[in-house]
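Working notes, beginning with the structure itself.
The values are calculated or read from the model by the stated rules, or taken from the named source; none is laboratory data. Computed from a prediction, not measured in an experiment: that's the story for all the values here. Cβ sites come from the backbone with ideal geometry, for glycine too, and all protein chains shown count toward neighbours.
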């Protein structure tokens, strides 16, 4: 028997119902072919440029830099069409779905950013779209539910389990197992069964390529560190991939510590999880000693997930990345700091990375050069934040 | 050969089909499960597929999702599932196949899980989210403990995948009749018949069970014409909620359909 496909060290693989395996094999082949097809790359590049707004700028942040004691530049994924890096993955996978002759696209979403991006790409290509979203998340990210509906997508609130991203993913898998022949499952994170962790990372790695070239162009050298928030891990793997071959660039992933790791109410999977299998891949998971998945918690719906992409698990174990975690409070503090020093309202997910900047600077020493991946804008969080910030 | 293989062989020798009844362990309590399993056995179930509850049953429809949730809320743990098997084994010689998801087995440790399952009296494992490519370690653990490992095949499985699954299978192969989750509606019989015939030609004599979507004695009779075993899950769990007598009457009606398949295969 051949070695199982799609591993990052001991993590990854394809742990799904047999019904889905042939579909995953077909997707793997289709992506390998599309990647090698110059016409596909040209069409995707043109869309990313003229529709999504890539390349996104790398913005200096002088007042925030003074506050934290480092030279901080932001990779402005919040300026992408639909307000987050997610459109980059959605456009690539929707193009692939069209190439595979799929007539229907489904997706899970937590914060709703991936759902909006998927609904947008589906509308652009005229493909039917249905989105699964935890019922709790449809309330706390209500503006994004409306955006998806306006874009013509059907949004299914998921009432099972913790009614968040994990349960949305279960429901999307149930849909896919039923409709795999006609439907593309547009996974939104660098997680799930092979080939999704590789496929999504390949698509979003444009973030890191741009950031590296832009930084070199501006400062004539590489940064000392790159910081990104990690839920499933797509924005982080996107920016990290640009620097994996640069050993002098430290990579910091910031997970959601929720109400604190000790409280048990958190989403810090790499920090406090164990090795297990969830949603098709072996990685770190939040689970009890019987392997039952624990409910995650974060103020940021997009990080509120008890799993993490397998490449992040391997990068953590190898020591290439350093994993930190920010509490809900630290994230809110990061949000305020960025708003008041730089005039940018970032997503609560992104705010976790901002909220840990002082600690990153503490570890690096003062005066260093740091890129923070500003993964998304905060409009969707105004309801939550206006209740918290006086 | 385990009790699973013997049960299938005995039915086959008589020109009959085996009846496999699924129940979730601990739904809603372990004591209730024990009573329900024994009722199903007395009514004619040949193999009990005992569900190990999981928090995130992504291949299950609403009925089995709810059963898992009730079992976990009732405090069902892996240790208690093994305890239930041990109690059942004291009272019945029925074949017991543990059905579940991979994470509880992986976290428990594959070797320990297989050893403890076998020690309690279980005969085999079926892991819904463990395709053959990833099943190597558990296959080895099952071999060491004398357990069958039953693979699932689906309408979407290619010949290469059928061959790979058959190569690691023991006991029987489980054909999922539909592309869908447990408890969905049964697909057209012609398609299932063709798929089972195709599978039989590649299965090297292994018995073939068909499940997913079989709810009525009429469904069971139709599947009994083409398969060696008929699996009923969601409909059994739904009926079990009305108590052991209701379950027993229902299982007896299914068993009747399996005893008279209406078409006897030679040999």
Check: Can you name the number of the only condition in (1) in a helix (DSSP H, G or I); (2) modelled with pLDDT under 95 that residue B:38 fails?
Finding: (2)
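Out of B:201, B:197, B:227, report the one residue that is farther than 30 Å from residue B:109 by Cα, at pLDDT 95 or above, part of a loop (DSSP other than H, G, I, E, B) and more than 14 Å from chain A (Cβ to nearest Cβ).
Values: B:201 fails: part of a loop (DSSP other than H, G, I, E, B); B:197 fails: part of a loop (DSSP other than H, G, I, E, B).
Only one candidate qualifies: B:227.
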Check: Is at least one residue of segment A:156-173 surrounded by 21 or more Cβ atoms within 10 Å (Cβ to Cβ), more than 14 Å from every other protein chain (Cβ to nearest Cβ) and either out of contact with any strand residue (DSSP E or B) (no Cβ under 7 Å at 6 or more places or on another chain) or modelled with pLDDT under 95 (or both)?
Finding: no
Item checked: Given (1) in a helix (DSSP H, G or I); (2) closer than 23 Å to residue B:101 by Cβ; (3) in contact with a strand residue (DSSP E or B) (Cβ under 8 Å, 6 or more places away or on another chain), number of the condition residue B:251 does not satisfy -> (2)
Check: Restricting the search to segment B:60-83, which residues are under 22 Å from residue B:179 (Cα atoms), surrounded by fewer than 24 Cβ atoms within 10 Å (Cβ to Cβ) and either out of contact with any helix residue (DSSP H, G or I) (no Cβ under 9 Å at 6 or more places or on another chain) or touching a residue at least 12 places away in the same chain (Cβ under 8 Å) (or both)?
Finding: B:61, B:62, B:63
Next item on the list: Kindly indicate whether any position in segment A:179-201 is assigned to a helix (DSSP H, G or I) and within 14 Å of another protein chain (Cβ to nearest Cβ).
Entry: yes
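Considering A:246, A:224, which residue is more than 12 Å from chain B (Cβ to nearest Cβ), touching a residue at least 60 places away in the same chain (Cβ under 8 Å), surrounded by fewer than 24 Cβ atoms within 10 Å (Cβ to Cβ) and in contact with a helix residue (DSSP H, G or I) (Cβ under 9 Å, 6 or more places away or on another chain)? Give the steps one after another, and end with the answer.
Numbers: A:246 fails: touching a residue at least 60 places away in the same chain (Cβ under 8 Å).
After applying the criteria, what remains is A:224.
Please work out which residue is nearest to the other protein chains (Cβ to nearest Cβ), limiting yourself to segment B:59-83 and to residues that are assigned to a helix (DSSP H, G or I) and more than 29 Å from residue B:185 (Cβ to Cβ). It would help to see each step written out before you state the result.
Initially, segment B:59-83 is screened for residues assigned to a helix (DSSP H, G or I), giving B:62-73, B:78-83.
From what's left, more than 29 Å from residue B:185 (Cβ to Cβ): B:78-83.
Working: B:78: 5, B:79: 8, B:80: 10, B:81: 10, B:82: 12, B:83: 14 Å.
So, considering only residues that are assigned to a helix (DSSP H, G or I) and more than 29 Å from residue B:185 (Cβ to Cβ), the one nearest to the other protein chains (Cβ to nearest Cβ) is B:78.
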Margin query: Could you check segment B:117-135 and list, in sequence order, the residues that are assigned to a helix (DSSP H, G or I) and within 9 Å of chain A (Cβ to nearest Cβ)?
Written below: B:132, B:133, B:134
Checklist line | From the options B:154, B:114, residue that is facing chain A (nearest Cβ under 10 Å), at pLDDT 95 or above and touching a helix residue (DSSP H, G or I) at 6+ places or on another chain (Cβ under 6 Å) | finding: B:154
Note to self: Just the residues that are more than 8 Å from chain A (Cβ to nearest Cβ) and either more than 24 Å from residue B:11 (Cα to Cα) or part of a strand (DSSP E or B) (or both), please, taken from segment B:157-174.
What the structure shows: B:159, B:160, B:162, B:163, B:173, B:174
Check: Which one is surrounded by the fewest Cβ atoms within 10 Å (Cβ to Cβ), of the residues in segment B:136-155 that are farther than 13 Å from residue B:118 by Cα and in contact (Cβ under 8 Å) with a residue 40 or more places away in the chain?
Finding: B:155
Next item on the list: Filter segment B:1-35 down to residues that are in contact with a helix residue (DSSP H, G or I) (Cβ under 8 Å, 6 or more places away or on another chain) and assigned to a helix (DSSP H, G or I), then give me how many there are.
Entry: 5
Check: Restricted to segment A:160-182, and to residues that are touching a residue at least 60 places away in the same chain (Cβ under 8 Å) and touching a helix residue (DSSP H, G or I) at 6+ places or on another chain (Cβ under 6 Å), which residue is farthest from residue B:212 (Cα to Cα)?
Finding: A:164
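Does segment B:204-212 contain any residue that is assigned to a helix (DSSP H, G or I) and at pLDDT 95 or above?
The initial filter retains those residues of segment B:204-212 that are assigned to a helix (DSSP H, G or I), namely none.
No, because not a single residue in segment B:204-212 is assigned to a helix (DSSP H, G or I) and at pLDDT 95 or above.
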Next item on the list: Sort out for me the helices (runs of 4 or more DSSP H) sitting completely within segment A:1-88 that have 1 or more residues that are modelled with pLDDT of 95 or more and within 14 Å of chain B (Cβ to nearest Cβ).
Entry: A:21-35
Note to self: Looking at segment B:84-98, can you tell me whether even one residue there is surrounded by 21 or more Cβ atoms within 10 Å (Cβ to Cβ), within 14 Å of chain A (Cβ to nearest Cβ) and part of a strand (DSSP E or B)?
What the structure shows: yes
Checklist line | Which numbered condition residue B:186 fails, given (1) within 12 Å of chain A (Cβ to nearest Cβ); (2) in contact with a helix residue (DSSP H, G or I) (Cβ under 8 Å, 6 or more places away or on another chain); (3) surrounded by fewer than 23 Cβ atoms within 10 Å (Cβ to Cβ); (4) part of a loop (DSSP other than H, G, I, E, B) | finding: (1)
Item checked: Unmet requirement for residue B:179, which otherwise passes all of (1) at the interface with another protein chain (Cβ under 9 Å from one of its Cβ atoms); (2) at pLDDT below 95; (3) not in a loop (DSSP other than H, G, I, E, B) -> (3)
Margin query: Against the conditions (1) more than 14 Å from chain B (Cβ to nearest Cβ); (2) more than 16 Å from residue A:204 (Cβ to Cβ); (3) in contact (Cβ under 8 Å) with a residue 60 or more places away in the chain, where does residue A:94 fall short? Just the number, please.
Written below: (2)
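Let me confirm something: among B:236, B:255, which residue is more than 21 Å from residue B:10 (Cα to Cα) and buried (at least 21 other Cβ atoms within 10 Å of the Cβ)? It would help to see each step written out before you state the result.
Working: B:255 fails: more than 21 Å from residue B:10 (Cα to Cα).
Sole residue among the options that is more than 21 Å from residue B:10 (Cα to Cα) and buried (at least 21 other Cβ atoms within 10 Å of the Cβ): B:236.
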